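The values are calculated or read from the model by the stated rules, or taken from the named source; none is laboratory data. The shown structure was predicted, so the numbers you read here are calculated from the model rather than taken from an experiment. So basically every Cβ, Gly included, is an ideal-geometry build from the backbone, and we count neighbours across all protein chains shown. In case anyone asks, the SASA skips ligands and DNA or RNA and just uses the protein heavy atoms, side chains included. Shrake-Rupley method; radii C 1.70, N 1.55, O 1.52, S 1.80 Å.
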Amino acid sequence: MNLPNCPKCNSEYTYQDGELYVCPECAYEWTENAQQAEEGLVVKDANGNLLSDGDTVSVIKDLKVKGSSSTLKIGTKVKNIRLVEGDHNIDCKIDGFGAMKLKSEFVKKI
Ligand SMILES: [Zn+2]
């Protein structure tokens with residue numbers, strides 16, 4: 001079995017204790033889930049492709065914009081997205097709309 005190195009001191013002498021990974025050298029304890037969270041957000045677009053910071057996406061359906069009477073049209077390109085935590089997991093700036101948040105399920109990577 002391949003145990004991960006300690007995320008704190010990079011020791012390779014880690015062992016597993018139930019759900020926990022334990023480092024005998026610096027006494028750090030962590031779980032696999034916590035480690036994944038540290039590696040970054042996992043955000044997928046409508047097609048299940050992984051998105052990352054700086055990607056360009058396009059909107060796949062007309063979206064009402066909160067606090068505005070305008071609609072974000074299907075096919076609108078959104079450049080340089082930033083992934084954030086939460087229900088609306090994409091932070092971006094759109095020409096004519098300004099800074100806003102989108103849900104990843106309504107965009108696709110281009
Ligand atoms: Zn350690």
Excluding ligands and nucleic acids, what accessible area in Å² is computed for ILE94 using a 1.4 Å probe, to the nearest 10? 10 Å²
Under the 7 Å Cα-to-Cβ spin-label approximation, ASN80 and ASN47 lie apart by a distance in nanometres of 2.5 nm
Tell me which lysines have Cα within less than 21 Å of LYS109's Cα, excluding those fewer than 8 residues away on the same chain? LYS44, LYS61, LYS64, LYS73, LYS77, LYS79, LYS93, LYS101
Accessible-area composition of the chain, carbon plus sulfur, in percent [1.4 Å probe]: 44 percent
Counting pairs of alpha carbon atoms under 8 Å apart in space and at least six apart in sequence, what relative contact order in percent does the chain give? 20 percent
Taking the simple approach of a point 7 Å from Cα along Cα-to-Cβ for both GLU29 and ALA99, what is their distance in nm? 4.0 nm
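Note down the net charge around CYS23, summing +1 for each Lys or Arg and -1 for each Asp or Glu among other residues with Cβ under 13 Å from its Cβ.
Details: positive: LYS8; negative: GLU12, ASP17, GLU25, GLU29.
So the environment of CYS23 carries a net charge of -3.
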Could I have the simple spin-label model distance between ASP62 and GLN16, label points 7 Å from Cα toward Cβ, reported in nm to one decimal? 5.2 nm
Most fluctuating residue of LYS44, LYS93, LYS66 in a GNM of the chain with Cα springs under 10 Å: which is it? LYS66
Under Stokes-Einstein, the chain at 10 °C and 1.306 mPa s, with its Kirkwood radius over C-alpha pairs, diffuses with a coefficient in µm²/s of 97 µm²/s
In Å², rounded to a whole number, the accessible area per residue of the chain with probe 1.4 Å is 69 Å²
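So what's the net charge close to LEU102: Lys and Arg +1, Asp and Glu -1, counting the other residues with Cβ under 15 Å from its Cβ? Walk me through the numbers on the way to the answer.
Working: positive: LYS44, LYS61, LYS64, LYS66, LYS73, LYS77, LYS79, ARG82, LYS93, LYS101, LYS103, LYS108, LYS109; negative: ASP45, ASP53, ASP55, ASP62, GLU85, ASP87, ASP91, ASP95, GLU105.
Charge balance in the 15 Å sphere: +4.
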